[in-house]
Structures are given as C-alpha cells and as structure tokens.
C-alpha cells in the first residue's frame, strides 16, 4: 500500500469516527486535518469535496459489511447462529467502543439533509444488509431453525430495525446492556431450538 492510499484510508477512518460522534454535519475537513495531522489541501487531493468523501466511505463500509457477512457465512452455517453472531458483533463493538454505531444507520437518520449521492449509497447498504438477512431468515425457515411470523423479508427488516434501534437505545441511555436487552428477546422469538 502506498503512502497515498494510507493517507486516504486514514482520512476515511477518521471521517467515520467523526460521523459516528456527530453526524454528517458534525465535522469538517479541518477536523480531519487536525486529528490525523495533515493539511486540508491534502484531504482535498484525495477527496475533492465532503460528499465525495462520505460517499466513498459509505461504499467502502458496505463492501466491508458484505465481506464480513461472507466470512460469517463461511464459518457459521446455522442461520440462528448467524443472527446471533451478527448481533454479537455489534454488542462487542458497542461495549468496547470500537464502533458504537453503524455509520449507515446514523446517516439514514439524516437522509433529508444528505446529498443525493450519499443517500443512494446509504440505501444500497440497507438493501444489501436486508438481502443478506432475508437469505438467513429464508434458510432458517427452510432448515426449521427459525420461526417466521411473516415473510422472510419482513422478519429481516424487523431484525435490522431492532439491531439499529438497540444501538440507538444503548447510546441514548448510555448503557451498553440496553443493546442485548432489546435484541435478545427478538432472537428468542425467532429461534426454534432443537
């Protein structure tokens, strides 16, 4: 990896942290420059504008999510355990503050103010996540591991909203235990234990 790509990665990581901390309008290039110790002009060299930066960040975030669920699929075959692992990933992130909020969920709350190119990327993230969750619920029902009270698509949307809502509640209450308190009953509701 070149210095240029290292700088771009540092900018993207910093922007992600700043978005999680304060939202889309909660940071500027000056904030990024101060955190990573470069000039604003260097950021503009990699990302000519804030919308380009955040669109790139969200596209990369979606790719990382898709790679993460692909690894999960390789290592965990049981659909119920996949849901538990996905929820567990976020519970650990919230507990150790490594990534206390899904950047796309946070940006989705700001949709009315986002530039259209970012909104399109956020929607693409949600569609990709919903498609994966739908496949998990479909397989879970077929394998008699999950109980569906509606369609697989509806269950996927409910689960996704529950996980994102649990992140929000944990943040609002300042209590990491809120995440599990909200997600675990939903997991118990859909689980068909052997």
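Just so you know, all these numbers are worked out from the coordinates, no wet-lab data involved. Note that the structure is predicted; figures quoted are calculated from it, not measured. In this analysis, Cβ positions are derived from the backbone assuming ideal geometry, glycine residues included, and neighbour counts consider all displayed protein chains.
Please state the shape class of segment 146-194: rounded when a/c is under 1.5, otherwise prolate if a/b exceeds b/c and oblate if not, all from the C-alpha gyration tensor. List each step's numbers first, then the result.
Values: a/c = 4.68, a/b = 1.78, b/c = 2.64.
Because a/c hits 1.5 or more and a/b fails to exceed b/c, segment 146-194 counts as oblate.
Arranged by the count of other C-beta atoms within 10 angstrom, fewest first, what order do 45, 125 take? Before the final figure, lay out each step's value.
Working: 45 14, 125 23.
Fewest-to-most ranking of 45, 125: 45, 125.
List the relative contact order of the chain as a percent without decimals, with contacts defined as Cα pairs under 8 Å and 6+ residues apart. List each step's numbers first, then the result.
Working: 172 pairs, mean separation 40.6, N = 194.
Once normalised by length, the contact order is 21 percent.
Within the P(r) computed for the chain, what percentage of the Cα pairs occupies the region above 32 Å? Walk me through the numbers on the way to the answer.
Details: 3845 of 18721 pairs.
For the chain, the share of Cα pairs beyond 32 Å comes to 21 percent.
Tell me the label-point distance for the pair residue 78, residue 96, using the 7 Å Cα-to-Cβ offset, in nm and rounded to one decimal.
So the label points at residue 78 and residue 96 sit 2.4 nm apart.
Under the rule of -39500 (n - 2.57) per DSSP H run of 4 or more residues, summed and divided by the residues of the chain, what mean residue ellipticity at 222 nm is obtained, to the nearest 500 deg cm²/dmol? All intermediate terms of the calculation are to be shown ahead of the outcome.
Values: 9 runs with 148 residues, N = 194.
The helix contribution divided over the chain gives -25500 deg cm²/dmol.
For residue 131 and residue 52, FRET efficiency with R0 = 25 Å and r from the beta-carbon atoms, rounded to 0.05?
In this case the efficiency is close to 0.45.
Which angle between 0 and 90 degrees, to the nearest 10, do you get for helix 3-22 versus the longest principal axis of the chain when only C-alpha atoms count?
Taking the Cα atoms of the chain, the angle to 3-22 is about 60 degrees.
What nm distance separates the two modelled labels at residue 89 and residue 109, each placed 7 Å from Cα along Cα→Cβ?
2.1 nm
For helix 79-96, what angle does its Cα long axis make with the longest principal axis of the chain, in degrees from 0 to 90 and rounded to 10?
40 degrees
Specify, per residue and in Å³, the volume enclosed by the convex hull of the alpha carbon atoms belonging to segment 11-56. Walk me through the numbers on the way to the answer.
Values: hull volume 2.7 nm³, N = 46.
That works out to 60 Å³ per residue.
How far is the Cα center of segment 64-112 from the Cα center of segment 25-49, in Å?
28 Å
Nearest 0.05, what FRET efficiency do residue 39 and residue 65 give at R0 = 41 Å with Cβ-Cβ as r? All intermediate terms of the calculation are to be shown ahead of the outcome.
On the way: r = 32 Å, r/R0 = 0.77.
The pair residue 39/residue 65 has a calculated efficiency of 0.85.
I'd like the orientation of helix 152-173 relative to the chain: the angle between its Cα long axis and the longest Cα principal axis, in ° from 0 to 90, rounded to 10.
Approximately 60 degrees, to the nearest 10.
Which order, highest average first, do 142-151, 180-189 follow once you tally other Cβ atoms within 10 Å for each residue and take the mean per peptide? Provide the component values of the computation, followed by the final result.
Working: 142-151: 13.9, 180-189: 15.8.
Put in order of decreasing packing, that is 180-189, 142-151.
If packing is taken as the mean number of other Cβ atoms within 10 Å per residue, what is the order of 85-94, 130-139, highest first?
Working: 85-94: 18.0, 130-139: 19.9.
The packing order, highest mean first, is 130-139, 85-94.
Work out, step by step, the length gained on full extension between residue 169 and residue 184: first 0.36 nm times the residue separation, then minus their alpha carbon distance; give nm to one decimal. Kindly include the intermediate steps, with their values, before the conclusion.
On the way: separation 15, 0.36 × 15 = 5.40 nm, distance 1.39 nm.
My answer for the length gained is 4.0 nm.
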